[in-house]
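> I have a structure here, written as structure tokens, and I will follow up with some questions on it.
The values are calculated or read from the model by the stated rules, or taken from the named source; none is laboratory data. Since this is a predicted model, take the numbers as computed values, not measurements. Don't worry about glycine lacking a Cβ; one is built from the backbone with ideal geometry, like all the others, and counts go over all protein chains shown. These accessible areas exclude ligands, DNA and RNA; they are computed on the full protein's heavy atoms, side chains included. Shrake-Rupley method; radii C 1.70, N 1.55, O 1.52, S 1.80 Å.
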Amino acid sequence: MPFALLKHGLSADYPVEVDLPPPCDLKPRYDVVIIGAGGHGLAIAYYLAKYHGVTNVAVLEKAYLGGGNTARNTAVIRSNYLTSEGVRFYAESVRMFQELSNEFDFNIMYSERGQLTLAHTDATVRAFRQRAEVNKHFGGRTEMIDRQQIRELVPTLNLDPGHLPVIAGLWHIDGATARHDAVAWGYAKQAAKRGVEIHQLTEVQDLVVRNGRIEAVKTNRGTVQCGCVVQAIAGASSLLMAKAGIRAPIQTYPLQAMVTQPFKPFLDPLVSSSALHCYVQQTSRGEIVFGGGSDPYPLYNTRSTLDLKESLLGHAIEMFPFMANAKLMRQWAGMTDMTPDYSPIMGLSPVENYYLDAGWGTWGFKSTPICGKTMAELVASGGKVPALIAPFALERFSRFQQVNEMGATAASH
Amino acid sequence: MNSPTRLPAPMGLLIDRERPLRFSFEGQSYQGFEGDSVASALLGNGRWLLSRSFKYHRPRGPLSMAGQDANSLVQLPEEPNVPADLHPASEGLKVAGQNFSGSLDSDRDAYLGKFSRFMPVGFYYRAFYKPKGMWKIWEPLIRKKAGLGVLDLDFKPQYYDKAYLFVDLAVIGAGPAGLRAALDAANSGAKVLLIEQQPVLGGSLNYARFDIAGTRATSLRAELLAAVEGHPNIQVLLRATCNAWFTDNYLPVIQHKRMYKVRATRCLVAAGSFDQPVVFRNNDLPGVMLTSAAQRLMKFYAVKPGQRAVVLTGNDDGYLAALDLQEQGVTVAALVDMRTTPVDSELATELKRRQIPLHLGSTVYEALHEAGMRHVSGVDIRPITGQGKVATQGLQLACDLLCMSAGYMPVYQLLCQAGGKLAYEETRAEFAISNLPTHLDIAGSVNGRHLLDNVLADAARGAAEALAALGLDVPTPAAFAAERPVNFPWPIFPHPKGKDFVDFDEDLQVRDIVNATRSGYRDIQLVKRFSTVGMGPSQGRHSALPTARLVAHATGRSIGETGVTTARPPFEAEKLAHVAGRAFDPYRQTPMHRRHLEAGAKMMPAGLWQRPAFYGKAEDRDRCMQEEARHVREKVGLIDVSTLGGLDVRGPDAAELLERLYTFGFAKLAVGRTRYALMTNEHGVVIDDGVCARLGERHFYVSATTSGVDRLYQQMLKWNAQWRLDVDITNVTAALAAVNLAGPLSRQVLAKVCEGIDLSAEAFPYLGVRLGKVAGIAARVLRVGFVGELGYEIHVPARYAERLWDVLMEAGAALGIRPFGVETQRLLRLEKGHVIISQDTDGMTHPAEIDMQWAIGRKKPFFVGKRSIEILEAQPLKRKLVGFTLPPTSAQPLEGHLVLDGADISGNVTSCEYSRTVGQIIGLAYAATHQATPGMHIPIRVEGGEIVQATVVQLPFHDPENQRQEL
């Protein structure tokens, strides 16, 4: 019995620990307005307060806190990307995740399970080897492993699905998972403690831009003046950017995931196969979570489809035949803002005091801490772009300096 | 405890007493009857404890007897989490409990319930991480306690399939509403599909009571069933569940081992409503069940649910159920009605006549239990003094059955998936569904109609609306009568000692929900995520309503404002096998596949295709490849290239289309000539290549990469949908088979079997294309040079492929012909420095990086990617694909290894192989521009971290003057 729980059992009244602040009135003006109270928006607010003493901050959320893609993602944390820019960035994120529970005084249940990605073709083996090498170059723990090693890691895995036998695997020891909601709550709790205001059910309906600067945001609860604005939403990044007069090379696709009933634990690593467009993990509750590729057409909707479920679960059974008897409990979707190079957009925008944290496709959750930290640095410095996020500027698309992560993103999230 | 004997007929609608069966539970043998569910058979034997709860491992027995709760989940040898109240008992079936340590009856983990105070809502967020690193120790311990049943890891998938149905009207639920609506619609000519979860039609008519005499249900049921059964316009699916609603009435219906995928023009949901529990202390004990569950037990299975019952109710239905119980010999010790207002006077009189004590304005405050909490043993009845408040003194009664019903919650799941909204009607204390799409309707108690006549009238209305939409005859619908509310507004009675469960699946008590809101989790979605309410197997069937009420009260909002969490598919847990159906695992073989196997080829996947990697054993790869390669260089080899994409482009604008799609110029290409074709996308990135052969003024034959052709064909159609050129594009990849006959002796081989083509170098030069006959088969013959030798690509209709192969092999036998595989071809082309798109290029490669600027037509006004290429070419080049060599003794880099530039990564190896022809390890790699001059050394980090210094060389490695291919 951990000491922290004793007070709950021994005190007559429930010792209420307030994590999320109660609703309050909007002030007429804030130094920083952050649009979107997901993991990212809350992390930016927290690091602004913690490292830069900036606390006259409002985080505006149209629905409930952490209810967008923070709530809908499948909580994969990893850094085995392909480009130097990507690996450097995500590796730092993984390091920060490892500290969050103690930093928040709130258990995010960070669980280092390792991520295994399967290669079924020689082309994939080449790509994986490159990812392993880039990862190692930047201090990450990633190895190519053979069939025998895969068998030892995941004895229940079928190594010969259909006509695509597994040739090799990419074993990312740093691969992890965490309680995704808790990440948002932890940031919210600590940001609020430092004076940041979080306003739920507060939808930004328009932006007031004059002479290339943003002056105010219009919400369903009235207009708020601001020193600067950070856009930190997902699923409608380009629509909000359009309100600021900014064109974005983003297309929004639904991404679906599903979960079974809870079963006694049998699978520790996160396992995915790019050829089968399927990844599988067992949560701390014992449920099996499945995910795959984005839907084949852009759409602003979080509906579920039968087609995707059929193909995804067909592939899941090829990987783990015994799962045919497992029962699916729930299917859901998020909206992913896909960029042409499968990398995010962070940094400055054509509007002077409007900062972008957008285009997070299927890779937003795993970047939460580092994105929050670097974006806070950017905002606090009044627009000095930290080196770690400089490659992810919006203007890379017009300058043909993309950071191509397409190969390292499909079906691995 | 209950007697194992069954009640006499007419109880036991589903069981066949003539056919007893034996099965086992937890190793003990039990008798049941054909038609029994596992749970009913066990209860018939007096066995109530079926499972242990998720968190506190409390004993649990059936709650709903309808497969709608987690209390009845049991373990079969091959299948965990099986609802015992739905799963049929069968001869020899082995059933076990789940989620316990030791035995189900004395679970060592049951102590956890005593520590519930130390495990407040979300306790795991508040502990286990201090000091730093502790979580790594705690997590595996906590993880061991996770989950419910055990998956059989050796289970082999069985045969499951799919079927497709198209109907005018799908009716979901065959209770009174569903039967009436189906009948009305069918009588007017609609083709109706009637979907029922139970093994029999009738729904609540089978188990509920609608009048004091108890005859109404039986007669109505008989009348409706007689008309529906055998109706030519009604197809009935029993034991079938419509498990989701997808856009445009696309309905997956699961029955046995099949999923029907139904498209319905109209859909009418008549799925009824879920009986709701009352929240009080120990409301989870075995023997405490929903009132409808007790009725189901008696009427379906002839199981007497107890000897002495207390019925706790918030509506008139509880009174009727009390009559049912008494008629079957159960002593009703008390009817506890939470309402204070006088009820139906006839019912009250009947109760009095039958000497059933009535306690108005009271509730059960606590269920009492035997030692070990194995069964309810009594109740503490208290007068209600306010919302959720009771008097300090009460009455204790002994009982072995407690039936509870706080009212009903519509079966809203499918409807919310269709965009339906739940609005709370304060006066009726009930959620109502609105905002449905026009082609989806609801009728009966799911629509808030509970009086039987109103249910039927609502069904008639629903049928009429469907018929009107279908353009069929519309009967006149009946009028509705006034009805009393069925929901008690606040059936929640918190107890200071807790165990007043709101969510049975997750062991959540009243205080857990309230405390979640006090910690700031005020939104219903946040309450769910923090407390896990509604996240268990029953997905909030019984917890959504009390949670909405508690959260609304705790946060000072209305219940309507608070709402319930989103319902998503599936309606009930579905096996992956049902969704997946038969595994389709498409792959492609070329028409020469058999010949490769006969020749001992090691096959490899290439996209969807199977191709020979080389001919020989896997372990002899290097030797086989080198020998095959030498053979092509010195004599002649044959490779199957049928998988190469083939596109026929015909029409007056054929050349114009290619001008726009590919970087090169094709307008002036002479008939009978071929030209290399490179394709870029709008970003100027190289995405495919092939050869364009001009067969006629208006006819091109274009090849594409094996893996790229399908996408490319789509792209071509997409572009031409915009451009509207007068051109016809056909993907002939599978229609044609092809081989490449390559090597210095290839002309001699071909000459033996070729008619109608002058093969001399002058008449048929390098890059020419000719039509003629090879082996007597009409063929397109192209002179190509991918492997760097004199060579002919011969394309023939796929059906003649084996013949072509055989004739060429025979013709070449005397000259030593032998087949070679893809891996050998890769080596040969590497020696020539030819890139393979997608192996030597990546998602960023533009033509200048791979020295392909020669393949760009500069005079054309447009091609896809032109603008981007011009922008890219104006920028300094950052990296280049270079050829490199290493001495044969060096460690060989593998494809994917990195090229370094100081502390940075400047590129990666894309191709690398030992070449016997060159006598060196040769390869292609990206390197920084300043590293790319021939003669320079590039550091490559190979396996084990060693760094080798490779020499950059001019490409190609072999035959730099290209003399061999142009012979």
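> Out of curiosity, is B:Asp503 under 34 Å from the mean Cα position of the chain (by Cα), buried (at least 21 other Cβ atoms within 10 Å of the Cβ) and away from every other protein chain (no Cβ under 13 Å)? Don't jump to the end; show me each part of the working.
Details: under 34 Å from the mean Cα position of the chain (by Cα): yes; buried (at least 21 other Cβ atoms within 10 Å of the Cβ): yes; away from every other protein chain (no Cβ under 13 Å): yes.
Yes.
> Then there is this: State all residues of segment B:153-190 that are at the interface with chain A (Cβ under 9 Å from one of its Cβ atoms) and open to solvent by 40 Å² or more (accessible area, probe 1.4 Å); if no residue qualifies, say none. First the steps, then the outcome.
Pass one, segment B:153-190, residues at the interface with chain A (Cβ under 9 Å from one of its Cβ atoms): B:153-158, B:160, B:162.
Result: B:Leu153, B:Asp154, B:Lys156, B:Pro157, B:Gln158, B:Lys162.
> Confirm whether A:Leu42 is on the phi < 0 side of the Ramachandran plot, within 14 Å of chain B (Cβ to nearest Cβ), part of a helix (DSSP H, G or I) and of a type in the set (A, V, I, L, M). Give the steps one after another, and end with the answer.
On the way: on the phi < 0 side of the Ramachandran plot: yes; within 14 Å of chain B (Cβ to nearest Cβ): yes; part of a helix (DSSP H, G or I): yes; of a type in the set (A, V, I, L, M): yes.
The answer is yes for A:Leu42.
> Of the residues that make up segment B:328-346, is at least one at pLDDT below 95, more than 21 Å from B:Val510 (Cα to Cα) and in contact with a Gly (Cβ under 7 Å, 6 or more places away or on another chain)?
Initial filter on segment B:328-346 (at pLDDT below 95): B:340-346.
Then keep just the ones that are more than 21 Å from B:Val510 (Cα to Cα); that gives B:340-346.
The next check asks that each one be in contact with a Gly (Cβ under 7 Å, 6 or more places away or on another chain); those that pass are B:340.
The answer is yes; a qualifying residue exists.
> Can you pull out every residue in segment B:537-558 that is more than 28 Å from the chain's Cα centre (by Cα) and open to solvent by 20 Å² or more (accessible area, probe 1.4 Å)? Walk me through how you get there before you give the answer.
Restricting attention to segment B:537-558, the residues satisfying the condition of being more than 28 Å from the chain's Cα centre (by Cα) are B:545-558.
B:His553, B:Ala554, B:Gly556, B:Arg557, B:Ser558 - these are the residues of segment B:537-558 that are more than 28 Å from the chain's Cα centre (by Cα) and open to solvent by 20 Å² or more (accessible area, probe 1.4 Å).
> Looking at this structure, is B:Met11 under 26 Å from B:Met404 (Cβ atoms), open to solvent by 10 Å² or more (accessible area, probe 1.4 Å) and in contact (Cβ under 8 Å) with a residue 60 or more places away in the chain? Full working, then the answer.
Values: under 26 Å from B:Met404 (Cβ atoms): yes; open to solvent by 10 Å² or more (accessible area, probe 1.4 Å): yes; in contact (Cβ under 8 Å) with a residue 60 or more places away in the chain: yes.
Yes; evaluated as a whole, the condition is true for this residue.
> Which of the residues that make up segment B:518-534 are open to solvent by less than 10 Å² (accessible area, probe 1.4 Å) and facing chain A (nearest Cβ under 7 Å)?
B:Ser519, B:Gly520, B:Tyr521, B:Leu526, listed by residue number.
> Continuing with this model, one more query. When you go through A:Ile167, A:Ile214, A:Ile198 one by one, which is the residue that is open to solvent by 40 Å² or more (accessible area, probe 1.4 Å) and touching a residue at least 24 places away in the same chain (Cβ under 8 Å)? Reasoning before the result, please.
Details: A:Ile214 fails: open to solvent by 40 Å² or more (accessible area, probe 1.4 Å); A:Ile198 fails: open to solvent by 40 Å² or more (accessible area, probe 1.4 Å).
After applying the criteria, what remains is A:Ile167.
> Among the residues of segment B:832-870, how many are farther than 28 Å from A:Leu82 by Cα and either open to solvent by less than 10 Å² (accessible area, probe 1.4 Å) or assigned to a loop (DSSP other than H, G, I, E, B) (or both)? Before you say what the answer is, go through the steps one by one.
In the first step, residues of segment B:832-870 are kept if they are farther than 28 Å from A:Leu82 by Cα; the result is B:832, B:854-863.
Then keep just the ones that are either open to solvent by less than 10 Å² (accessible area, probe 1.4 Å) or assigned to a loop (DSSP other than H, G, I, E, B) (or both); that gives B:832, B:855-863.
Number satisfying all stated conditions: 10.
> In addition: Is at least one residue of segment A:346-354 touching a residue at least 60 places away in the same chain (Cβ under 8 Å), under 17 Å from the mean Cα position of the chain (by Cα) and over 24 Å from A:Ser111 (Cα atoms)?
Kept after step one, since they are touching a residue at least 60 places away in the same chain (Cβ under 8 Å), are these residues of segment A:346-354: A:349-354.
Okay, now just the ones that are also under 17 Å from the mean Cα position of the chain (by Cα), so none.
No, segment A:346-354 contains no residue that is touching a residue at least 60 places away in the same chain (Cβ under 8 Å), under 17 Å from the mean Cα position of the chain (by Cα) and over 24 Å from A:Ser111 (Cα atoms).
> Taking the criterion of being farther than 30 Å from B:Gly540 by Cα and open to solvent by 40 Å² or more (accessible area, probe 1.4 Å), would at least one residue in segment A:323-344 satisfy it? Break it down stepwise before answering.
Going through segment A:323-344, the residues farther than 30 Å from B:Gly540 by Cα turn out to be A:337-344.
So of that shortlist, the ones also open to solvent by 40 Å² or more (accessible area, probe 1.4 Å) come out as A:340, A:342.
Checked segment A:323-344: at least one residue is farther than 30 Å from B:Gly540 by Cα and open to solvent by 40 Å² or more (accessible area, probe 1.4 Å).
> Restricting attention to segment B:645-679, and to residues there that are in a strand (DSSP E or B) and among the charged types (D, E, K, R), which single residue is most open to solvent (accessible area, probe 1.4 Å)?
Of everything passing the filter in segment B:645-679, B:Arg650 is most open to solvent (accessible area, probe 1.4 Å).
> Now, a different point. For residues that are within 11 Å of chain B (Cβ to nearest Cβ) and within 22 Å of the chain's Cα centre (by Cα), scanning just segment A:129-170, find the one that is farthest from A:Ala408 (Cα to Cα).
A:Phe138
> Within segment A:116-162, can you find the residues that are within 22 Å of B:Lys602 (Cβ to Cβ), in a strand (DSSP E or B) and without any contact (Cβ under 8 Å) to a residue 40 or more places away in the chain?
A:Met144
> Check B:Asn515 against each of (1) polar (S, T, N, Q); (2) more than 9 Å from chain A (Cβ to nearest Cβ); (3) touching a residue at least 40 places away in the same chain (Cβ under 8 Å); (4) more than 25 Å from B:Tyr412 (Cα to Cα) and name the one condition it does not meet.
(2)
Let's see how each residue does on (1) at pLDDT 95 or above; (2) surrounded by fewer than 16 Cβ atoms within 10 Å (Cβ to Cβ); (3) not assigned by TED's automatic domain parsing to the domain that holds A:Phe365:
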residue: A:Ala12; (1), (2), (3): no, yes, yes
residue: A:Ile35; (1), (2), (3): yes, no, no
residue: A:Tyr47; (1), (2), (3): yes, no, no
residue: A:Gly53; (1), (2), (3): yes, yes, no
residue: A:Phe89; (1), (2), (3): yes, no, yes
residue: A:Ser93; (1), (2), (3): yes, no, yes
residue: A:Phe97; (1), (2), (3): yes, no, yes
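> Further question on the same structure: I need the full set of residues from segment B:812-831 which are closer than 14 Å to B:Leu741 by Cβ and open to solvent by less than 10 Å² (accessible area, probe 1.4 Å), in order please. Reasoning before the result, please.
Taking segment B:812-831 as the starting set, the residues that turn out to be closer than 14 Å to B:Leu741 by Cβ are B:812-813, B:815-820, B:825, B:828.
The answer is B:Gly812, B:Phe820, B:Leu828.
> Count, please, the residues in segment B:309-346 that happen to be more than 29 Å from B:Gln387 (Cα to Cα) and in contact with a Ser or Thr (Cβ under 8 Å, 6 or more places away or on another chain).
Final tally of qualifying residues: 0.
> So in segment A:367-399, with the set limited to residues that are among the basic types (Lys, Arg) and within 28 Å of B:Gly684 (Cβ to Cβ), which one is modelled with the highest pLDDT?
Quick first cut of segment A:367-399, residues among the basic types (Lys, Arg) only: A:373, A:384, A:396, A:399.
Among the residues that remain, those that are also within 28 Å of B:Gly684 (Cβ to Cβ) are: A:396, A:399.
Working: A:Arg396: 96, A:Arg399: 91.
Top of the filtered list is A:Arg396.
> Select, from B:Leu736, B:Leu725, B:Leu741, B:Leu759, the only residue that is farther than 25 Å from B:Phe786 by Cα and open to solvent by less than 70 Å² (accessible area, probe 1.4 Å).
On the way: B:Leu736 fails: farther than 25 Å from B:Phe786 by Cα; B:Leu741 fails: farther than 25 Å from B:Phe786 by Cα; B:Leu759 fails: farther than 25 Å from B:Phe786 by Cα.
Going through B:Leu736, B:Leu725, B:Leu741, B:Leu759 in turn, the sole match is B:Leu725.
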